[in-house]
1. Given that compact globular proteins tend to follow 2.2 N^0.38 Å, what is the ratio of the alpha-carbon Rg of region 637-684 to that value?
2. Sorted by accessible area with a 1.4 angstrom probe, largest first, how do Asp326, Asp129, Asp687 fall?
3. Using a/c under 1.5 as the rounded threshold, could you call region 710-763 rounded, prolate or oblate? The axes a ≥ b ≥ c are square roots of the C-alpha gyration tensor eigenvalues, and prolate needs a/b larger than b/c, oblate otherwise.
4. Using a cut-off of 12 Å between beta-carbons, work out the net charge of the residues near His596 (Lys and Arg +1, Asp and Glu -1, His596 not included).
5. On the accessible surface of region 687-828, probed at 1.4 Å, how many percent belong to carbon and sulfur atoms?
6. Rg and Dmax of region 556-595, using alpha carbons, in Å: what are they?
7. Going by average Cβ neighbours within 10 Å, how do the peptides 496-507, 660-671, 618-629 rank, with the highest at the top?
8. Below 13 angstrom from the Cβ of Ser505, what's the summed charge of the other residues (Lys, Arg +1; Asp, Glu -1)?
Amino acid sequence: MEAFYATLLGRGIDSGRAAAMVRAEVPRWRKLAHDLGRAERPVASSLLGGASPLDDHLFEKGRWLVFGELWFDMRHALRTFLRERSFTAVAVAALALGIGSTTTVFSVFNAILNPLPFDESDRLVMLRDEQGESDAPASLPEYRDWDENSRAFEDMAAYFNASASLTGEGLAEELWRIRATANLLPTLGVEPHIGRGFTVAEEVPGNDDVVLISHGLWHRKFAGDPAIVGLTVMLRNRPTVVIGVLPASYRGVMPADLTRDRVRDLVFPLGLDEDISRGAHFLRVVGRLDNGVTLEAARAEVNQLGQGLIDDGVTPHSITVHAFEDYVVGDRDTAVLILLGAVTCLLLISCVNVANLLLTRASASRRDSAIRIAIGASRGRLIRQRLTESAFLALASGLAGLVLTYWGIQIVAALDGEWLPLMNEVAIDMPVLLFALGVSVATGLLFGSAPAVLGSRATLGDSLREGGRTLGAVGGSGRLRGALVVTEVALSLILLIGAGLLVRSFFTLIDEEKGFETERTVSVDLSIGSRYTDPESRRRFSVSLVERLGALPGVEAVGIGSDIPLDGSDTNGDITIDGRDQQSRPIAHKRIADEHYFEAIGIPLLRGRNFSASDSADSPGVAIIDEALAEAVFPGEDPIGKRVGFDWFMDGLQEVVGVVGSVRELSLGQEPEPMIYVSSSQRSISDFSVIVRSSVDPSALAASVRRVVYEIDPNQPVSRVRVLDDMVAQSVAGERLIALLLGGFSLIAMLLAAIGIYGVLSYSVSKRTHEIGIRMALGAGRREVLRHILREGMVLAMGGIVVGLIGAFLATRFLESLLYGVVSTDTLVYAAISALLLGVAFIACRVPAGRATRVDPLVALRHE
């Protein structure tokens, strides 16, 4: 106390005023002394004339334990933040947004990284038929060749997807199924929960009336009855014996099977004739690498095998091998990694924002820090206390972030559209909790270090400067706050440009010409092969269905096709051209359609004619090709009247009678590929989609369509009724999800950056009130003051934009694999986003600048 009094006298303050200042400081000093730890207590007690009642309470045991001071700091931090509720709420909200967003994306990425629900899934691979630049399913003869001639695999199995009707167990139901070789489940490492798997003998047609059912179907339809094994049920309109129940972890082997809603409830034996054509590609082949065999070694062997088959004239196609996890996940891990990078930027922006808040708070409390140092507190002690406060903030934000993570997972699941595999596995589990804890601790150190160090540099002289007018700049904290704002703006710009590129790419993608119409159109999936086994009965059912659906109110067109665009189903094969000696035959996708299909789905007829009622099973074979196939096979020629042939249960050659427009069959982002259509009257069809186009709301048609089907055959279930507009939206679900999430993160980042600029300028204005008053008293106009403050803020914003443009140029190249029709350096996006952020920064600057112009010079000059 005496030292303080002497310092005041040394600064020329008269003794009476100095004594008054000392008396005024005593309550503050006593409070600060209560907040000090053991090391400072003797000094505090001597200065204040002995221990207070609070001191007696704190030290009544006579000593402190090892963590006594830490416990004291934690209590002090809690009291401080409860007292400063507004500051605490803002800081926790900003950090919780960053931590919650980061943890949400990590939880999704963690689920993708988890091993697939198969034994030693890292040894599983997918084998595909390489046709030109794309991979395709294999044919049965190709699978047999690969299985018999390869040595790198412990086992190799094949399967394909289909559906089957279940009757006799309540309302008829269409179930997803696969038909597989007997070794598929052992290859995957899947053991039946109860019962047994298939035998090789049960793969033979006529001996394949056995089935394994899913764990979910077992409980849903049979109440989990353990006597299910050996029970005969009606599947495919045939008595079928249940030989086993699959484990609860089994959902299927396709990417769509590993989402939330697509479970393959049935597994049948393959049941195919061995004389099936080599050109019919529909099988998916999975292999398990032998012990000690690497993926590279397997690829080398398969490449050699494929080349040998080509050299021997067995097939014109080579073979590709993919890791099974890559096949399931695809490029989704890249997209999620980009999102993880984006939320890391958002987390850094949150940390920068809170660091700025803490710097402002530390500057405002520099006088208190100086007094603490004067009465004996060490700088290390002050740093530790401020870091404890930062850790307290971070942990509170981490808890709030976990709540946001729970909501975030629900939001991602709702937006996902079954694009992310294993989304049903996403949860706040132990790895996610540990990640959230680690992020919270790391952010506490990150945003708390600089304010703690700068806040500990206060001196008693600082505390006595008149009115504290220059405190804000002491220790370089003003420059640091400016640098943090530049960092915020730069990171925000990087996120905004990335989101802008993805949004523009998304709209470019959905604006692409699809080649077919989706407005007011529904698709009805049926599988009638088990109830209608001969071509004539199938034809009668199809004709009756088309007629009755066409009579529904508002229905404009009804057609039938084996598949529809963007459905994910695909059958393709070699095309032979009459009169040509072809060493390498072209590949085309194959579809079956009736004479109303093209009208119903809106595919235009470009030349020639459509299928007609005269194209019967007894008349010469006809085909319709699309424009892509016509240009690839008959460039510069008229394809009408040409004869083509392909292996797809078709006899002889088919005459090309028409050319239709090309469609984007597999995805909107993939150029149309060659397509050939044959008449449903000449090629029997058992699994098909009915296309219904109407003038009314298509979703209202679902009940009417089901009613018509059940009127024709009460035991014929409907697999699915889908609105085509929804199918198109589903096909771009991944692109939409990434654009929405990154866009949301970037908007939050922009808001935080604006708050950061506003906070720095507001603090600057508050600390420069005296200076502004002098300027205005000397004749500076309000416009000049406004321009001066705006310039200060906009310089920071412009600096951030320049740094952000450089960072965006480097960072957005990682987005190139996700962009469609847009380059990563798109000038329009860069310019538009920069202008947007500059406008937001101007608004953030304008508010405190306007407040500065309202300063009363007389009041400012009297301000201490």
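1. On the way: Rg = 12.7 Å, N = 48, 2.2 N^0.38 = 9.6 Å.
That ratio works out to 1.33.
2. Values: Asp326 90, Asp129 0, Asp687 70 Å².
Descending order: Asp326, Asp687, Asp129.
3. On the way: a/c = 8.03, a/b = 5.07, b/c = 1.58.
Here region 710-763 falls in the prolate category.
4. Numbers: positive: Arg693; negative: Glu547, Glu556, Asp594, Glu595, Glu599.
Neighbour charge sum, excluding His596 itself: -4.
5. Numbers: 4060 of 6400 Å².
On region 687-828, the fraction of accessible area on carbon and sulfur atoms equals 63 percent.
6. Over region 556-595's Cα set, Rg and Dmax evaluate to 14.1, 46 Å.
7. Working: 496-507: 24.0, 660-671: 19.0, 618-629: 20.8.
In decreasing order of mean packing, 496-507, 660-671, 618-629 become 496-507, 618-629, 660-671.
8. On the way: positive: Arg504, Arg736; negative: Asp511, Glu512, Glu735, Glu816, Asp826.
With Lys, Arg at +1 and Asp, Glu at -1, the neighbours total -3.
The values are calculated or read from the model by the stated rules, or taken from the named source; none is laboratory data. The structure presented is a predicted model; accordingly, all values stated were derived computationally and were not measured. Methodologically, a virtual Cβ is constructed for each residue, glycine included, from the backbone with ideal geometry; neighbour enumeration extends over all protein chains shown. Heavy atoms of the whole protein, side chains included, go into the accessibility calculation; ligands, DNA and RNA do not. Shrake-Rupley method; radii C 1.70, N 1.55, O 1.52, S 1.80 Å.
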